[in-house]
Amino acid sequence: MSEHVSEQVLGDIPHLSGYSEAELDQAFAAISREVEASSAALSTSEAVEAFRLQWLGRKQGRLKAISDAWLKSAPVEAKKLIGQRFNTLKAEIEQRLERAGTSTGTSALDAEALASEKIDITLPGTRRRLGAEHPLIKTQNELLAIFARMGYSVSIGPEVETDYYNFESLNFPPGHPARDTQDTLVIANQDRKPLRDRLLMRTHTSPVQIRTMEQQPPPLRIVIPGKVHRNDAADATHSPMFHQLEGLCVDTNITFADLKGTLDHAMKELYGSSDRTRFFPSFFPFTEPSADVQISCPFCGGSGCRKCKHSGWIELLGCGMVDPSVFEFVRLKQPAYDPKKISGFAFGMGIDRITMMKYGITDISLMFSGDLRFLEQFA
Amino acid sequence: MKILSSWLREYIPGLTATDRQLADDLTLRGIAVEGVFDLGANGPLFEMDITTNRVDAMNHYGIAREAAIIYGLKLVPLSASLNELSSRAEAERSEAAVEGPAFPVNIEEPTLCGRFTARVLRNVKIQPSTGIVAERFRLLEQKPISNAVDATNYCTLAIGQPTHVFDLDKLVGGIIVRRARKGEKLRTLDGIERTLDPEDLVVADEKRPHGIAGVMGGWDSMITAETKNVLIEAAWFDTITVRLSSKRHLLHTDASHRFERGADFNAPPVASALVSRILLEAGGHQAGPLTDVLISEAEARTAKRPAIAFSLGEVKRILGPTEDPEGITAATAETILTGLGCALAKDGHGSSPHKPGPAPSLDPSRAVSIESAEMSTSDSQSYNVTLPSWRLDLEREIDLVEEIARVYGYNRFRNTLPAFAGAVVELPHAEKESSVRRTLLALGWTEAISSTFCAAADAALFAPQPNSAVPMGNPLSEEAGMLRPSLLPGMLSMLALNLNRDVEDAALFEMGTVFGGGPERVDERPALAIGAAGHALTESDVTFYDVKGTIEELLGEFSSRSFYFDNLQLPAWLHPGRSARATLDGATVAWFGQLHPAEAERRKLKQTVLVGEIYLDRLYKQKLRQPVVRELSRFQPVRRDFSLLFPNSTTWAAIEDKLRALDIPELRSFAPKEILRDAKSIPAGHFSLLLGVVFQSQERTLREEELQQFSRAIIAVMESIGGKLRV
Ligand SMILES: [Zn+2]
């Protein structure tokens, strides 16, 4: 403890006239007044410490001295009454000390000690290294959540597919020019098999549409995330490996207007309620009518910027009503898909592209490089 | 594809829309104008992207046809006569010369060649193109060659029908359309000598082939400056034969592009006339009548294919409501289909074709002008529709539904949301996958995605089973020759990339598919790889124990408690002394540890690299652990430390086994608090272990005698495996 504050010389022990409650109360009231008087000027931390030592000092504190003296001579039956009153008085003194301590900050002792412990709070905090989720996975989960809220379950399928599921059942007949649009990576040594059984890297997630419909009768609402491959040359926006999210909705009375409404709603969830969509005729062998969907540029709100090539619009999706021929292929295994009784729509989008747009990634290959300087930005 | 607005306007004299408006309106109908380039006084050039199914619109006339439908305008009809563009005198001269024998054409393969027209022009003058042909070629940046060759290219640009011009004097006898003979040779116009396949369809004379049908003509009969007499071919070939020949000879030409998508069966006479008119501008005359060999079976499959049933009800069923409450009326549907060139007969009204009134405009801003005397009002009106010869892509009712939606305008349909009563079902492993990912991220591992393919050497090294890797038939590169049997080749490449770029602290993970089996059957399994180097996980260099800790956390996510670590049958890529496998119910679920130094050296990795591969399919067989709360003890735990000395051969696993075997319920937990080797105070061949033990009872405060008894038991079993209490 402190050495520079000396304990005060003890005052006289007040005389106790008797041990009745009234006499005790009178005697304690006198001490209480004395406490009050000596606590009048507790404005500095030195004064507070002096007051504390004067009354509560362990060896020569006045309170201890008085209680020792009074209790020693008191009859047994009065000791309890005296003890209670000393406790009350002690609490009173401690309360005064506490109040004084609050008003002067803390004691000089503590303040000085704490001042010496001062640190530079402007130095950076200690940060535990967090793992970063891959941006593609972030986007994919965001999209899955949007469609889950709209009633879409998740379906997945193999990355190595047969020609039948990747092409034929999706209305790309053998030898059809539409196959030229999807340059395919094939598994070796397939020549001896019939064309429909030959294995290849799926070029889109659409085969999972067929596989799921073969397993499940309508009504059906699924989204299909997955990795796909094409035999394409790599550049800043193209990679032979990329990721799609496909959707399929089949029921009685599903219309093109439903397709429009569904995608418009999903895009508003993704990019905000002010986002707009517009649809253009397109061609996919497995949908008819087919459409390309543009969204109003989320960066400029449609007024035109560099990202939308000053058009105000960005092309983001392909979609269409499921072609009756596709249902005919499915019907071979699941008769409920009668195109005269049911209808449906399908849509697809590039998760990579949406991710690149969202985070301003200009080179797709960065996402597949494992480069931590890139990945750590997503922690 | 480049399209001149001025050329389009020649076919639609009534067109008043601005070029910008025209571009927008075409684009909204799926005839996409990607760019509009100003050519000054010559009007703009449209850069167009026509979808692969719309071969009919891959030329000026086809696009003009679309514009005419949009604006309800009349299209200038095409002529199969030679009179157009020529002066009256020339016309008379050519018509007069038509006397004489027809040029002989024999189609030996009527299923592959449905129509073949041949026209002989004599005394033509081969010279550079002039006039409108030269002008339009200049604007379109089309390389001019000679008036004869340019005429055929002009014809393709104008109406999309490929044609060919032969030097007549190089031909021996008439034309024979036949299959190539085995080993037959043909030098094509690109100068390449080709060996033909018996599957190739060729246009031959009596001696030899002069062209691969629908793909490219022959060198020996090409037009030269000396050519005097020509034979003009305009034909219709089957889509598949052209496509196969084009693929076989790696010859993708303007002609093959159009034929393989389905040309207009009725176009050859028109095309022949157009080419002839251009060529005759420079002189010459037609000799003999036009030869037009037409296979009626082919015509019945194309230009005269049977009418199809179409009902307005299907339009509503598939397309749904429009913004305009009236929706798509019978009149609208009729206008669109007739505009496209269909002939409509109302079902149940006999076979008399529907005669459309003056075509109403489909421009929404002028939609009020729709009125027709024969307007049908019934929602379920049905028709028999005869399809236009130039739209072989139209075959079924749904094709007509699409055309109606397309021409009407997609954006005029409402946005509705379908009702749904089903439930959302999660994938069986979705929760497990996200749990694993969450744990890894929390432990400081960063997620990466690497290539699906790897080099053959890596496949051999990392495949869990020998000879189970799957080779690619047309790999992207030599390094990508195999489907990855493991995620580790990708992981090591990614680590190397970081280390080579001075990112020395790396902790990566990848969750992806690995492949096994073989070309007959490919198995796909989900896997997880982790890889770390440097100070990525703690303040010091990553160790075996950091990786083991992560593996333990991951396994701890799952319900099974029967995980076991050993170092049996370690794979070749792991350091034999600093690696382990984790097993579950006897099956390996993970390999992990330090990358074998030889392997690290081969990959020029100077740093110590820790890797691991986890077979998620095996792990996912376990349920996720469901926490069950143990009641908290009200009684003080008592901690005791034992300082022990062991020979180096004693493993922690042995110590652990012994302590568990004691089966003291009050032994709440124990852990190695400190292990010292090679210190001065420790005898050689030994290590010291500070074993921390916690005792606690659920029922009462432990008595000192009990604690002493437990301690004695612990010391006794430690001594039984070579331990010695240090004093
Ligand atoms: Zn913008």
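One residue is enough: does the range B:669-692 have a residue meeting the conditions outside the structural domain of B:Ala580 (by TED's automatic domain parsing), assigned to a loop (DSSP other than H, G, I, E, B) and within 60 Å of the chain's Cα centre (by Cα)?
Checking the range B:669-692: not a single residue is outside the structural domain of B:Ala580 (by TED's automatic domain parsing), assigned to a loop (DSSP other than H, G, I, E, B) and within 60 Å of the chain's Cα centre (by Cα).
Which residue out of B:Pro471, B:Pro466, B:Pro428 is part of a strand (DSSP E or B) and surrounded by fewer than 19 Cβ atoms within 10 Å (Cβ to Cβ)?
B:Pro471 is the lone residue from the list that is part of a strand (DSSP E or B) and surrounded by fewer than 19 Cβ atoms within 10 Å (Cβ to Cβ).
Please pick out the residue among B:Gln698, B:Gln626 that is outside the structural domain of B:Ser434 (by TED's automatic domain parsing), within 30 Å of B:Leu528 (Cβ to Cβ) and assigned to a loop (DSSP other than H, G, I, E, B).
The conditions single out B:Gln626.
Restricting to strands (runs of 3 or more DSSP E) lying wholly in the range B:488-600: which have 3 or more residues that are among the aromatic types (Phe, Trp, Tyr) and in the same structural domain as B:Asp458 (by TED's automatic domain parsing)?
So the answer is B:563-566.
Would you check which residues across the range B:1-51 are surrounded by fewer than 18 Cβ atoms within 10 Å (Cβ to Cβ) and under 24 Å from A:Pro285 (Cβ atoms) and list them?
B:Met1, B:Thr27, B:Glu34, B:Asp49, listed by residue number.
I'd like to check which strands (runs of 3 or more DSSP E) are fully inside the range A:237-316 and have at least 3 residues that are within 14 Å of chain B (Cβ to nearest Cβ) and under 23 Å from B:Phe420 (Cβ atoms).
A:241-251, A:287-296
Look through B:Pro489, B:Pro466 and report the one residue that is without any contact (Cβ under 8 Å) to a residue 24 or more places away in the chain and more than 10 Å from chain A (Cβ to nearest Cβ).
B:Pro466
Among the numbered criteria (1) assigned to a strand (DSSP E or B); (2) away from the ligand (no atom under 16 Å from the Cβ); (3) within 14 Å of another protein chain (Cβ to nearest Cβ), which single criterion is violated by A:Gly348?
(3)
In the range A:291-335, how many are within 30 Å of the chain's Cα centre (by Cα) and either more than 10 Å from the ligand (Cβ to nearest atom) or more than 23 Å from A:Asp275 (Cα to Cα) (or both)?
The number of residues fulfilling the criteria is 5.
So, in the range B:295-306, of the ones that are buried (at least 18 other Cβ atoms within 10 Å of the Cβ) and among the aliphatic types (A, V, I, L, M), which residue ends up nearest to B:Leu387 (Cα to Cα)?
By that ranking, first place goes to B:Ala303.
Which one of these does B:Asp546 not meet: (1) acidic (Asp, Glu); (2) away from every other protein chain (no Cβ under 11 Å); (3) free of Cβ contacts under 8 Å to residues at least 24 places away in the same chain?
Checking B:Asp546 against (1) acidic (Asp, Glu); (2) away from every other protein chain (no Cβ under 11 Å); (3) free of Cβ contacts under 8 Å to residues at least 24 places away in the same chain, the one that fails is (3).
Which of the following residues is more than 30 Å from A:Asp292 (Cα to Cα) and at the interface with chain A (Cβ under 10 Å from one of its Cβ atoms): B:Leu441, B:Leu476, B:Leu461, B:Leu417?
Of the residues listed, the single one that is more than 30 Å from A:Asp292 (Cα to Cα) and at the interface with chain A (Cβ under 10 Å from one of its Cβ atoms) is B:Leu441.
With respect to A:Glu142, is the statement that it is surrounded by fewer than 21 Cβ atoms within 10 Å (Cβ to Cβ) and more than 13 Å from every other protein chain (Cβ to nearest Cβ) true?
Spelling it out, A:Glu142 is indeed surrounded by fewer than 21 Cβ atoms within 10 Å (Cβ to Cβ) and more than 13 Å from every other protein chain (Cβ to nearest Cβ).
List, please: which pairs have Cβ atoms under 7 Å, are six or more places apart or on different chains, and start with a residue in the range B:178-194 that is within 20 Å of B:Asp254 (Cα to Cα) and end with one that is assigned to a loop (DSSP other than H, G, I, E, B) and modelled with pLDDT of 95 or more?
Final answer for the pair search is B:Leu186/B:Leu196; B:Arg187/B:Trp219; B:Arg187/B:Asp220; B:Thr188/B:Trp219; B:Leu189/B:Trp219; B:Leu189/B:Met222; B:Gly191/B:Trp219; B:Arg194/B:His249.
Yes/no per residue for (1) more than 10 Å from chain B (Cβ to nearest Cβ); (2) acidic (Asp, Glu); (3) touching a residue at least 12 places away in the same chain (Cβ under 8 Å):
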residue: A:Val160; (1), (2), (3): no, no, yes
residue: A:Pro173; (1), (2), (3): no, no, no
residue: A:Leu185; (1), (2), (3): no, no, yes
residue: A:Pro194; (1), (2), (3): yes, no, no
residue: A:Gln209; (1), (2), (3): yes, no, yes
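What pairs come out if I take residues in the range A:326-355 that are more than 11 Å from A:His243 (Cβ to Cβ) and in the same structural domain as A:Val228 (by TED's automatic domain parsing) and pair them with residues that are in a helix (DSSP H, G or I) and of a type in the set (Val, Ile, Thr) whose C-beta lies under 7 Å away, six or more apart or interchain?
Pairs that qualify, where the first residue is more than 11 Å from A:His243 (Cβ to Cβ) and in the same structural domain as A:Val228 (by TED's automatic domain parsing) and the partner is in a helix (DSSP H, G or I) and of a type in the set (Val, Ile, Thr), are A:Phe329/A:Ile210; A:Val330/A:Ile210; A:Tyr337/A:Val330; A:Ser343/B:Ile318.
The values are calculated or read from the model by the stated rules, or taken from the named source; none is laboratory data. Worth saying up front: this structure is predicted, and the values here are computed from it rather than measured. Positions of Cβ are backbone-derived with ideal geometry, glycine not excepted, and every protein chain shown enters the neighbour counts.
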